[in-house]
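Single-structure report; data block below.
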Amino acid sequence: MLSETEKNRTSVDIYGQQYIIMGTESSSHVRHVASIVDDKMREISSKNPSLDLNKLAVLTAVNAVNDYLKIKDRLERLELELKRVKD
């Protein structure tokens, strides 16, 4: 486990581009995240082959945030349900 000031440098490949990601997450976590982003970009690109890279990146981000918000909403509903059951 890294302290808040220690940072890992992890090299990843996303959609054919190399990136160095710096952060406190483990290298395996960063590679996993990058793999999901790469998969999503390839999925969107296969359905929309004429998209330029910038539009593809924005659509990938929109999809990721949409998924995040759905999961966050589900978590909040489950936490409320759990609180009701406990009370």
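Bear in mind these aren't lab numbers, they're just calculated from the coordinates by the rules spelled out. Every value quoted in this text rests on a predicted model; they were computed, and no experiment measured them. When we count neighbours, we look across all protein chains shown, and the Cβ atoms used for this are built from the backbone with ideal geometry, even at glycine.
Quick notes
- Taking label positions 7 Å along the Cα-Cβ direction at both Val62 and Ile20, the computed distance is 3.3 nm, reported to one decimal.
- Quotient of C-alpha Rg and 2.2 N^0.38 Å, computed over the chain: 1.44
- Calculated [222 nm] ellipticity per residue, helices only, for the chain: -22500 deg cm²/dmol; basis is -39500 (n - 2.57) per DSSP H run with n ≥ 4, divided by all residues, nearest 500.
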